[in-house]
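First up is the structure itself, then whatever we jot down about it.
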Amino acid sequence: MPNQTSRSKLILFLIVFTDMMGFSLLFPLYPKTITHFLEKGSDSIFTLFYTWSLWLGEGGDPKYTLVLFGGILGSIYSFLQFLSAPFWGKLSDRVGRRSILLFTTFGSVFGYVLWLFSSNFWMFVLSRVITGSMGGNLSVASAAMADHTDEKTRAGGMGMLGAGIGLGFVMGPLFGGISSTWTFLDSFYETGLFVIFPATAFFAIIVALLNLVLIQFFLPESKVSNTHSKMIHPILNVKNIKSKTLIRLCVLNLMFVLSFSGFEFVINFYLSEGFQFLPKSIGLTFLYIGIIIILVQGGVVRRLSGKISEKLMVQIGSLLVGIGFLILIFGKDIYTVFGALFFLAFGSALVNPGLSSFASLESELGDQGMTLGLFRSFGSLARAISPIVFAVLYFQKGPVFTFILSLLILVAFVTLLFQTKERQNRKTIVN
């Protein structure tokens with residue numbers, strides 16, 4: 001039924017949008033939250049994290065140490081996604097997409113409630129551990145989108161999900177900054193019951209509850225029967241995956257995300273130190289990037305879906321990203337930087353849904369959840385690595401060195417991509 005399919009796609013778009021918005025609300029609050037715990041003289045968990053940061057920063061500028069501290073926190077979240085995404089995806093092949101999304105979203109609600117009550121650092125870390133573990137549900141949403149699309153519309157469906165994720169990442173920090181000025185819960189923070197910026201944590205709870213409502217009342221089940229062997233974590237079962245192309249696509253995803261997320265991390269400091277951008281200006285810069293990604297994934301990708309192959313879409317996107325890196329490396333003024341950001345945003349908006357669709361089409365009918373969970377987990381692993389690696393290199397070698405490294409990783413990515421063959425006579429997934 002076309003109407004049912006269209007509605008399901010819209011609901012999945014809204015689900016990933018609200019999920020990513022709730023997750024990214026904390027981003028603009030990280031520096032002051034970390035400083036708050038530092039001034040408070042927190043527990044042994046905080047001391048351990050701070051010691052790691054000092055070691056990675058070689059005991060350098062305290063400003064850089066705090067950035068590395070935030071990078072470690074972000075890396076833990078992404079590493080947990082790396083572990084959980086294949087598990088939730090595989091489990092959704094057996095018990096259904098909607099059931100797993102309900103469970104993981106409820107887990108996120110619990111994690112955000114714990115964040116609200118995180119007057120101690122160990123509770124704050126535990127809240128991030130829980131929400132990171134539940135954050136692997138993007139693989140389930142991707143599998144559900146695959147269930148509702150066929151070969152011709154797959155890239156368009158993944159582009160729609162990408163647009164939802166991108167919009168969530170744009171709106172999350174925006175609402176995080178706005179909600180940080182709300183004071184209606186400050187009295188509970190002053191008594192030591194709630195975390196700093198309690199209104200933002202409360203807003204995250206509301207967003208997650210809205211997500212629960214969408215899943216419970218508007219998302220139909222799309223369970224795909226799976227009669228395969230005993231349940232095993234897909235990462236431990238990689239060698240048994242029949243499609244070697246799928247494994248290669250997972251590696252490609254890791255390489256591209258490592259290249260691009262390294263740039264995303266560094267660009268904050270580059271704009272701040274090189275062009276004296278204030279936090280508000282940096283936020284507006286990311287809004288500019290986000291709008292380009294949303295427009296491309298919500299419009300251009302949908303028009304290209306079914307007209308060109310996924311591999312060609314990724315190749316075109318890679319070329320645009322490469323142009324963006326070259327402009328960043330050789331550009332000297334802010335106008336060339338924003339020109340580079342246009343190419344980087346446009347190109348990545350083609351690569352991400354193209355790769356996701358490519359991986360989905362390499363999957364067997366009953367393995368969409370496992371396939372896309374494994375695929376997304378490699379991206380999460382890259383996001384776990386990049387903040388620390390690129391932060392250390394930025395502080396030691398400077399921004400141009402990190403941009404060159406991102407470009408070199410991209411070149412390796414393109415080389416492997418050209419050697420990757422598309423499957424012939426693919427099976428179309430029916431609604």
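The values are calculated or read from the model by the stated rules, or taken from the named source; none is laboratory data. The structure displayed is predicted, hence computed values, not measured ones. Here the Cβ positions follow ideal geometry from the backbone for every residue, glycine too, while neighbour counts run over all protein chains shown. Side chains included, ligands, DNA and RNA excluded: accessible areas come from the protein's heavy atoms. Shrake-Rupley method; radii C 1.70, N 1.55, O 1.52, S 1.80 Å.
Computed quantities for the displayed model
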{"read-out": "Every residue from region 390-417 that is within 21 Å of the chain's Cα centre (by Cα) and either of a type in the set (S, T, N, Q) or outside any helix (DSSP H, G or I) (or both)", "value": "Thr402, Ser406"}
{"read-out": "Where a residue in region 326-341 is surrounded by 14 or more Cβ atoms within 10 Å (Cβ to Cβ) and its partner, wherever it lies, is part of a loop (DSSP other than H, G, I, E, B) and basic (Lys, Arg), with Cβ under 9 Å and at least six apart", "value": "none"}
{"read-out": "Residue among Thr200, Thr181 that is more than 30 Å from Thr371 (Cα to Cα), hydroxyl-bearing (Ser, Thr, Tyr) and open to solvent by 20 Å² or more (accessible area, probe 1.4 Å)", "value": "Thr181"}
{"read-out": "Tally, over region 243-273, of residues that are β-branched (Val, Ile, Thr) and either within 20 Å of Gly74 (Cα to Cα) or crowded, with 22+ Cβ neighbours inside 10 Å (or both)", "value": "3"}
{"read-out": "Test for Ile206: is it within 13 Å of Gly22 (Cα to Cα), of a type in the set (A, V, I, L, M, F, W, C), surrounded by fewer than 21 Cβ atoms within 10 Å (Cβ to Cβ) and without any contact (Cβ under 8 Å) to a residue 40 or more places away in the chain", "value": "yes"}
{"read-out": "Test: Leu312 is at pLDDT 90 or above, open to solvent by 60 Å² or more (accessible area, probe 1.4 Å) and either of a type in the set (A, V, I, L, M, F, W, C) or not in a loop (DSSP other than H, G, I, E, B) (or both)", "value": "yes"}
{"read-out": "Filter pass, Leu167 being open to solvent by 10 Å² or more (accessible area, probe 1.4 Å) and within 30 Å of Leu193 (Cα to Cα)", "value": "no"}
{"read-out": "Condition check for Gly157: more than 19 Å from Gln297 (Cβ to Cβ) and in a helix (DSSP H, G or I)", "value": "no"}
{"read-out": "Test result for Val113, open to solvent by 30 Å² or more (accessible area, probe 1.4 Å) and in a helix (DSSP H, G or I)", "value": "yes"}
{"read-out": "Some residue of region 136-155 being buried (at least 24 other Cβ atoms within 10 Å of the Cβ) and within 30 Å of Ser44 (Cβ to Cβ)", "value": "yes"}
